[in-house]
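The values are calculated or read from the model by the stated rules, or taken from the named source; none is laboratory data. Remember, it's a predicted structure, so these values are computed and weren't measured experimentally. Don't worry about glycine lacking a Cβ; one is built from the backbone with ideal geometry, like all the others, and counts go over all protein chains shown.
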Amino acid sequence: MYSKRSKKYLSHLFVAILVLNSFPATAISKPRTKCNIRVDDPHFSKSIENKFGFRAVKVNARSKCNFAMSNLQLTVEIYKKGFFRNHFVTSETLIKRGPIPAEVPMRNNETWERCKNSRPTGYFGVAYATALIAGNRVNTRRVSTEKVVTLPCGT
């Protein structure tokens with residue numbers, strides 16, 4: 001069925017696979033930065049109601065890093081829970097062009113949407129950021145709020 005040459009090739013291939021699989025796996029290096037994003041749960045904004053006279057759902061986020069950075073873009077998005085899929089409501093991006101010292105928290109408190117009716121609706125927030133750290137563009141993972149909050153606020 002197999003020729004002598006192909007049998008010899010297969011045996012050499014088998015030995016090579018065994019040798020390669022016997023080496024220990026390379027250890028995963030720890031991240032050099034301790035940057036994080038915290039996202040607050042959706043809530044009614046008292047300041048918007050006092051300032052503009054209407055109710056609005058709001059999501060806030062904070063970003064902090066142990067390295068100095070610049071050109072930060074911190075985006076917060078609001079979604080409403082749907083039956084088959086979630087629906088995008090709104091987003092707002094905080095842009096800070098200049099340098100940001102290490103350990104200084106940056107806040108995006110400007111992401112909100114006006115309530116159009118009082119229909120109970122489940123909301124959650126998502127936040128992510130990009131920045132320059134030591135001359136390299138760094139992107140964070142998308143971070144979601146811990147829970148979906150149902151508010152009497154249809155959008």
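Values for this structure:
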{"item": "Residue list for the stretch 113-155, restricted to those being hydrophobic (A, V, I, L, M, F, W, C) and touching an Asp or Glu at 6+ places or on another chain (Cβ under 6 Å)", "result": "126, 149"}
{"item": "The stretch 69-109: number of residues that are small (Gly, Ala, Ser) and surrounded by 15 or more Cβ atoms within 10 Å (Cβ to Cβ)", "result": "1"}
{"item": "Residue that is surrounded by the most Cβ atoms within 10 Å (Cβ to Cβ) [pool: residues in the stretch 53-68 that are in contact (Cβ under 8 Å) with a residue 12 or more places away in the chain and over 13 Å from residue 111 (Cα atoms)]", "result": "63"}
{"item": "Residue, modelled with the highest pLDDT, within the stretch 108-146, restricted to residues that are within 15 Å of the chain's Cα centre (by Cα) and basic (Lys, Arg)", "result": "142"}
{"item": "Sole residue being farther than 19 Å from residue 37 by Cα and in contact with a helix residue (DSSP H, G or I) (Cβ under 9 Å, 6 or more places away or on another chain), chosen from 85, 114, 119", "result": "114"}
{"item": "Residues of the stretch 92-111 that turn out to be among the basic types (Lys, Arg) and within 18 Å of residue 37 (Cα to Cα), as a count", "result": "2"}
{"item": "Checking residue 133 against (1) in contact (Cβ under 8 Å) with a residue 60 or more places away in the chain; (2) farther than 27 Å from residue 34 by Cα, the condition it does not meet", "result": "(2)"}
{"item": "Qualifying positions in the stretch 116-127 - buried (at least 19 other Cβ atoms within 10 Å of the Cβ) and in contact with a Gly (Cβ under 8 Å, 6 or more places away or on another chain)", "result": "121"}
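Residue-wise test of (1) closer than 30 Å to residue 117 by Cα; (2) modelled with pLDDT of 90 or more; (3) touching a helix residue (DSSP H, G or I) at 6+ places or on another chain (Cβ under 8 Å).
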{"site": "12", "(1), (2), (3)": "no, no, no"}
{"site": "20", "(1), (2), (3)": "no, no, no"}
{"site": "31", "(1), (2), (3)": "no, no, no"}
{"site": "52", "(1), (2), (3)": "yes, yes, no"}
{"site": "68", "(1), (2), (3)": "no, yes, no"}
{"site": "72", "(1), (2), (3)": "no, yes, no"}
{"site": "76", "(1), (2), (3)": "yes, yes, no"}
{"site": "97", "(1), (2), (3)": "no, yes, no"}
